[in-house]
1. Once you sort the root eigenvalues of the Cα gyration tensor of the chain as a ≥ b ≥ c, which label holds: rounded (a/c under 1.5), prolate (a/b larger than b/c) or oblate (the other case)?
2. Per the Kirkwood treatment, what hydrodynamic radius in Å, one decimal, follows for segment 228-567 from the mean inverse distance over all distinct Cα pairs?
3. Would you please give the FRET efficiency between residue 486 and residue 510, computed as 1/(1 + (r/R0)^6) with r the Cβ-Cβ distance and R0 = 35 Å, to the nearest 0.05?
4. Against the longest alpha carbon principal axis of the chain, how many degrees, from 0 to 90 and to the nearest 10, is the axis of helix 410-427 turned?
5. For the residue pair residue 282 and residue 310, what label-to-label distance in nm results when each label sits 7 Å from Cα along the Cα-to-beta-carbon direction?
6. Please work out the Cα center distance from segment 250-286 to segment 489-555, rounded to the nearest Å.
7. Say R0 is 35 Å: what FRET efficiency, to the nearest 0.05, do residue 121 and residue 498 get from their beta-carbon distance?
8. Taking the Cβ of each residue in 628, 570 as the centre, tally the other Cβ atoms inside 10 Å and list the residues starting with the fewest.
């Protein structure tokens with residue numbers, strides 16, 4: 001028996017009746033006495049049609065289930081109408097190709113004759129690739145997490161024909177285990193409730209839907225946004241999560257949690273807390289990074305990083321390697337190198353990029369979504385899901401371009417540009433907006449936000465104005481398709497009609513939420529262009545999520561990191577000089593070797609047209625024929641300098657002033673103690 005807390009505060013009781021009805025027992029023992037030839041032919045015809053449906057699916061995860069005797073349908077109106085017409089609940093299973101738990105459930109649970117028979121007889125089974133429909137997954141993850149206390153994949157949910165969930169969980173074994181009912185036991189409960197207690201099941205589903213809607217619509221502090229105490233609370237919470245014995249966060253399965261490291265490294269530099277707290281934040285972040293690169297989360301033979309380890313000690317990895325993890329870890333490794341200049345972090349960056357180039361780079365230059373070295377395909381090579389997920393490609397393009405200029409690896413920048421050009425061809429539509437996949441499916445907020453992040457990074461690394469112009473055009477699409485005037489961004493477009501609830505994602509897990517990405521994008525767009533409209537859009541976003549019910553500060557570390565940047569002066573660094581000249585390159589190297597999260601960087605080449613550059617940059621020219629640096633805070637520029645030593649002094653002085661400002665603010669507001 002399992003008792004699970006519900007979203008609305010009551011409980012769902014899962015109790016499986018082990019006995020079967022007499023008819024069920026006889027049917028299993030002597031099926032031919034009860035199934036005539038016509039029935040068998042009709043059943044086989046239905047299975048065959050379903051197999052053909054999955055065999056033609058865009059998703060390799062769905063195609064892998066094409067030979068399943070379970071009559072899986074694809075997510076869509078046809079399946080929903082069938083459920084309504086036949087008055088059957090929907091059984092939805094969500095996974096992805098390289099998900100180990102999904103593969104185990106396919107092999108062990110979904111292969112059981114009783115499971116196959118029961119699902120086909122009493123439900124409309126739908127199989128969904130979460131990488132294709134993160135918006136649908138997000139809704140039912142919230143439901144399962146709220147009713148069971150945990151989420152993840154595979155995700156299995158029973159719902160009404162109108163898509164309202166009433167029972168669910170993650171992995172279900174083939175037979176009952178202590179504290180873990182089997183899929184068949186749980187399916188019987190769902191079916192019995194639907195047939196014998198319909199009114200209560202429907203009422204429960206409606207209550208749960210309203211709870212999810214309330215959670216999705218909840219707003220935070222509409223007056224102030226995030227405060228200094230929110231940053232302190234998040235830092236203390238993450239420090240408390242730290243595993244001092246083995247590193248990382250938590251005392252159970254270990255995930256990389258790159259977003260938490262991202263926040264802690266920036267918090268440690270902010271200097272708006274006691275030095276001891278800043279030092280502890282930095283120590284926890286580096287301790288987690290040390291575990292990530294030295295233990296078995298990292299594949300020391302083939303390279304790359306597994307999604308997580310099942311144990312506290314980082315020794316038992318789940319072998320799928322996701323593109324989004326490679327991008328997020330690469331990005332914080334670059335942070336670590338900039339903060340320490342230690343060769344070990346340089347080597348870790350080289351190894352991380354090497355894996356992506358060797359195993360996750362497609363022939364057309366774009367990046368594949370995931371890789372699993374243990375579960376192999378039919379030909380015996382490692383299982384590769386080669387579909388292009390736009391959001392994950394955007395994250396990797398940005399991380400790779402940043403690593404390229406920090407480590408002075410121009411070939412990496414070339415690879416990032418090639419990937420961007422391919423993604424631009426496959427995923428950008430001036431009228432329809434950004435698509436999710438190379439198959440043309442319309443995208444979600446994270447796809448557009450990730451491409452904006454990538455294009456801005458390419459502008460700051462190549463200095464080609466068209467990347468900035470395209471980023472601005474994409475931000476206009478972001479506002480049109482996903483924006484909410486009251487603050488924040490929906491994950492789905494307004495014209496999406498097959499998702500139960502339009503969510504505003506606020507959780508920075510292994511993937512940053514689209515709202516966190518958009519906060520970063522708006523800050524950078526404002527810093528680069530000076531357009532105050534971008535800055536104005538930041539405040540309602542922060543106000544919407546600050547103090548929001550159902551969330552904790554540490555659950556949105558990327559968004560908090562951006563909120564910390566909000567009350568700092570924006571820093572613009574523009575180098576004016578010939579692109580190939582050594583003095584220009586020397587100044588750029590100096591800037592690029594520093595950890596300056598609040599800064600944006602641009603170059604003005606006197607030999608190139610300046611029409612595509614922001615207006616304030618166009619008059620910045622080399623002085624006396626030498627490369628010249630313009631260092632500006634909130635668009636108020638210091639005197640330009642054309643000596644490298646003077647640039648170094650300016651940058652050092654700027655960092656000192658930031659720390660002095662933060663220390664003074666901390667003392668005045670009384671937040672200097674732990």
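The numbers here are math on the coordinates, done by the rules we state, and not lab data. If you're wondering where the values come from, they're calculated on a predicted model, not measured in any experiment. Using ideal geometry, Cβ is built from the backbone for each residue, glycine included, and neighbour counts are taken over all protein chains shown.
1. prolate
2. 20.3
3. On the way: r = 28 Å, r/R0 = 0.81.
FRET efficiency, residue 486 to residue 510: 0.80.
4. Helix 410-427 and the main axis of the chain meet at about 50 degrees.
5. In this crude label model, residue 282 to residue 310 measures out at 3.9 nm.
6. Computed from Cα coordinates, the inter-centre distance equals 22 Å.
7. Efficiency at R0 = 35 Å is approximately 0.90.
8. By the 10 Å Cβ count, ascending: 570, 628.
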